[in-house]
Amino acid sequence: MPDDAAKSIVAPVTVVAGAGQVGKVHRKVDAMERMRGITRYTDDLVLPGMLHAKIKRSPHAHARIVGIDASAALAMPGVLAVITGRDLPVPYGIIPWTPDETALALDKALFVGDGVAAVAAVDEDTAIAACDAIAVEYEPLPPLFDPEAALAASEHNPINPYSRHGNLSKEVLLEFGDVEAGLADAPLVIEGEYFFEGTTHAAIEPHCALAHVEPSGLLTVWSSTQVSHYLHRELAKVLGLPAHRIRVIQPPLGGAFGGKSEPFDLEFCVAKLALATGRPVKLLYTREEVFYAHRGRHPMRMRYRTGFSREGKILAMDARTIIDGGAYSSFGLVTTYYSGQLACSPYVMGAYRFHSRRAYTNKPACGPKRGHGSVQPRFATEVQLDKAAVALGIDPIDLRRRNDLGGDAKTVNEFRIGSNGFLECLEKVEAASGWIERRATLPYGRGLGVAGSTYICGTNYPIYPNAMPQAAVQICLDRSGRARVFAGANDIGQGSNTMLAVIVGEELGLPLTDIRVVTADTDLTPVDLGAYSSRITLMVGNACLEAARKLRKLVTGSVARRWGIPGDRVVLAERLALDRENPEQHVALAQAFAWAEEDHGLLGEVGSYNTPKDRHGDYRGGTIGASPAYSFTAHVAEVEVDPDTGVVDVKTIWVAHDCGRALSRKVVEGQMEGSAYMGFAEAIMEQHVVDPGHGGVHAGPSLLDYRIPTFLDTPELHSLIVEAPDPQGPYGAKEAGEGPLHPSIPAIANAIYDAVGIRMDTLPFSPPKVLRALAQRRAAEAAGQLAPHKRGGA
């Protein structure tokens, strides 16, 4: 029988149908702290007796280090320690098969900005002066800035001393079906050469790290990282310390976009200097150092041949790619695979081959930037499709429809696709842009372009081989009616903490204000692999959902026992536990939690997630690019091209994205618009380049010289959410943080063609390039080689 407490029912209430959290609009759980300026980022942390560190960097792009004399620096007042590569000699790398860098250069500096020594001093000015006082003797070597030249010079001028194959960082050749036969039989073969210039992340917060050693010997490192677990592992390896004597904490982050997804020299240096001095040590990169640290988008030169039937079906595609990797591997092994493996959807292909080679060069190392490895080939692929549509006289959107892969399908390279909302994405951008009504009527200089894409929802396998879960979450319920969520996931601004709160709120009937999310502290939270490859919503979300549902079962069971009803009649919503069939019978959640604690003791549960292993083919490299689920995207861009100045003004981008299920609509829309903005920026402005004529120095290592769009430059962005729930995701959710970037660039390129009849196959689409292409077009028209563009020419 129900006890007396159970009979103390609150006054009658009305619960609104669908009052859960999933699919609603939420303010991010940390939004107000950030808006009020009280969030404490890594550089805001100050510890008693804290020292400041700086790194002395090479002025040479390629040089042998003959000797380092730190005696003058050590003699300076306020300088407590100097370390060199000899103090941190263990090579490391985010990918365990390619450990080819050390925290500070040992025998060679491989690019301008490579660290060779580090100083700890009482303040930054003293540390900078001490770096200047360190005497380094170099023997300059011939630098190599072009990847093809570097590959040719492998034998007589190798760059990275840890490389086993000269200046070849990684090579992948995979073929699915008979590509040459498919091309030979194709009525139409489109050939194109494309160049995607390197770009960087330009996160607002520079990299920063702070290290402190407790009297017990525990080393704590606070870092603006997005991969706490991998940093924890590499610190243990390089420092030679047991992992249990190291704690890594990620404070709130001011942006990352992939640029903080591996260990950097500053984290090892502050740790070693803290161990050497016994005092806390902090190191903050200057903006210039951020540009040299880089790990941004790889420059790629891509040569494509694509065969089409007369109906526009893709019969075969051949892709050959040269990748400029910079001085170190970073994620380069994966990048090389991604440059081909992720191009096989959302379209059916009769046969496919890619041959990608990543080269070492004497430049800052490239790595993962939002949409890692697949943004570049997506540009080439989608422009190829547009060229085919023009040649065949087929509407570009219709051509993409004809090649749609569909759901519950396999790609040509044997990746298993679950839900697929690509056709709906095309439909939405077609309608929203007025494609059918407007495209043929736009005047010369104005054009519409379309592109599509797909992206992974996490990698099917972790970076280092193991059979343990990829994500885990702990949840504890408080008798006050609150929930605490502990997760190792890194919130880098994408809203993953809010996502976890939404899931807990949905399952336990709590508003987000009653849920505290504690993340990214290796002492307090379960292991999570980090914020990369759009993995957190699906993987950490599933782990959180499992733990929350276990707790819901305990709570509803305790309430049901006291009311004498079946457990499935108890609903948790709006801070109440209610009888589904008699809503007037209800109690506050705090009381329901108390009953469950009486029955079960401390209310804590865990959830974990690991990936299914049936998502890929059984061939070498078949696991790289495989994912539990895939998102799909389509963009239409509208541009205006000034034929006199060459300026491309992107007016509007319509972004339709299949995110499976939008757990928090405003957060999803923000990710879609942010992605499209970054793609637009890369298309029109960005280029991360060094100057070979001046010894490999960065051409513009500041936010004044590195051009990114302001609010005034940014086009109108329209987010069109498509929901094709995938059974692999929590509530069917898929990623929304990287996939929506991919189509922006080719959609803009295709819109430029529609506007003025020129193909922009080299990024960025700067005014000088546009003017040259227009001049070539006019010359070809004057020579009778081309008919005037359909809207008459300038």
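The values are calculated or read from the model by the stated rules, or taken from the named source; none is laboratory data. All of these numbers come straight from a predicted model, not from anything done at the bench. Heads up, the Cβs are rebuilt from the backbone with ideal geometry, glycines too, and the neighbour counts pull from every protein chain shown. The area values use the complete protein model at the heavy-atom level, side chains included, leaving out ligands, DNA and RNA. Shrake-Rupley method; radii C 1.70, N 1.55, O 1.52, S 1.80 Å.
Summary of computed values
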{"item": "Of residues in segment 518-554 being closer than 30 Å to ALA577 by Cβ and assigned to a loop (DSSP other than H, G, I, E, B), the one farthest from the chain's Cα centre (by Cα)", "result": "LEU524"}
{"item": "Check on ALA118, touching a residue at least 12 places away in the same chain (Cβ under 8 Å) and open to solvent by less than 10 Å² (accessible area, probe 1.4 Å)", "result": "yes"}
{"item": "Condition check for GLY679: small (Gly, Ala, Ser) and within 21 Å of the chain's Cα centre (by Cα)", "result": "yes"}
{"item": "Strands (runs of 3 or more DSSP E) lying entirely in segment 422-517 (those with 3 or more residues that are at pLDDT 95 or above and either under 30 Å from ALA755 (Cα atoms) or among the charged types (D, E, K, R) (or both))", "result": "446-456"}
{"item": "Filter result for SER433 (of a type in the set (Ser, Thr, Tyr), more than 30 Å from ASN610 (Cα to Cα) and surrounded by 15 or more Cβ atoms within 10 Å (Cβ to Cβ))", "result": "yes"}
{"item": "Pairs where the first residue, in segment 740-768, is in the same structural domain as SER719 (by TED's automatic domain parsing) and the second is of a type outside the set (Ser, Thr, Tyr) and at pLDDT below 95, C-beta under 6 Å, 6+ apart", "result": "GLY757/HIS789"}
{"item": "Pair list, Cβ < 9 Å and 6+ apart or interchain, from segment 252-269 residues that are in contact (Cβ under 8 Å) with a residue 40 or more places away in the chain and buried (at least 24 other Cβ atoms within 10 Å of the Cβ) to residues that are among the aromatic types (Phe, Trp, Tyr) and part of a helix (DSSP H, G or I)", "result": "SER261/TYR230; GLU262/TYR230; PRO263/TYR230"}
{"item": "Number of positions in segment 721-749 that are in contact with a Lys or Arg (Cβ under 9 Å, 6 or more places away or on another chain), crowded, with 23+ Cβ neighbours inside 10 Å and assigned to a helix (DSSP H, G or I)", "result": "5"}
{"item": "Subset of segment 193-209 that is more than 17 Å from the chain's Cα centre (by Cα) and not in a loop (DSSP other than H, G, I, E, B) - its residue that is surrounded by the most Cβ atoms within 10 Å (Cβ to Cβ)", "result": "ALA209"}
{"item": "Condition check for GLU382: part of a helix (DSSP H, G or I) and not assigned by TED's automatic domain parsing to the domain that holds PHE308", "result": "no"}
{"item": "Strands (runs of 3 or more DSSP E) wholly inside segment 252-362 that include at least 3 residues being among the β-branched types (Val, Ile, Thr)", "result": "314-324"}
{"item": "One residue from LEU183, LEU173 being touching a residue at least 24 places away in the same chain (Cβ under 8 Å), within 30 Å of GLY393 (Cβ to Cβ) and not polar (S, T, N, Q)", "result": "LEU183"}
{"item": "Count - residues of segment 202-216 that are touching a Leu at 6+ places or on another chain (Cβ under 9 Å) and more than 19 Å from VAL290 (Cα to Cα)", "result": "3"}
{"item": "Residues of segment 14-40 that turn out to be assigned to a loop (DSSP other than H, G, I, E, B) and modelled with pLDDT of 50 or more, as a count", "result": "15"}
{"item": "Segment 455-495 - residue that is under 14 Å from ALA543 (Cβ atoms) and among the polar types (S, T, N, Q) and, of those, surrounded by the most Cβ atoms within 10 Å (Cβ to Cβ)", "result": "GLN470"}
{"item": "Residue selected from segment 652-667 under the condition under 17 Å from PHE422 (Cα atoms) and open to solvent by 10 Å² or more (accessible area, probe 1.4 Å), by the criterion farthest from the chain's Cα centre (by Cα)", "result": "TRP654"}
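Residues are listed down the side, and each one gets a yes or a no for (1) aromatic (Phe, Trp, Tyr); (2) buried (at least 17 other Cβ atoms within 10 Å of the Cβ); (3) out of contact with any His (no Cβ under 8 Å at 6 or more places or on another chain); (4) under 21 Å from SER339 (Cα atoms):
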site	(1), (2), (3), (4)
GLY406	no, no, yes, no
THR411	no, yes, yes, yes
GLY421	no, yes, yes, no
VAL429	no, yes, no, no
GLU437	no, no, yes, no
ALA440	no, no, yes, no
SER453	no, yes, no, yes
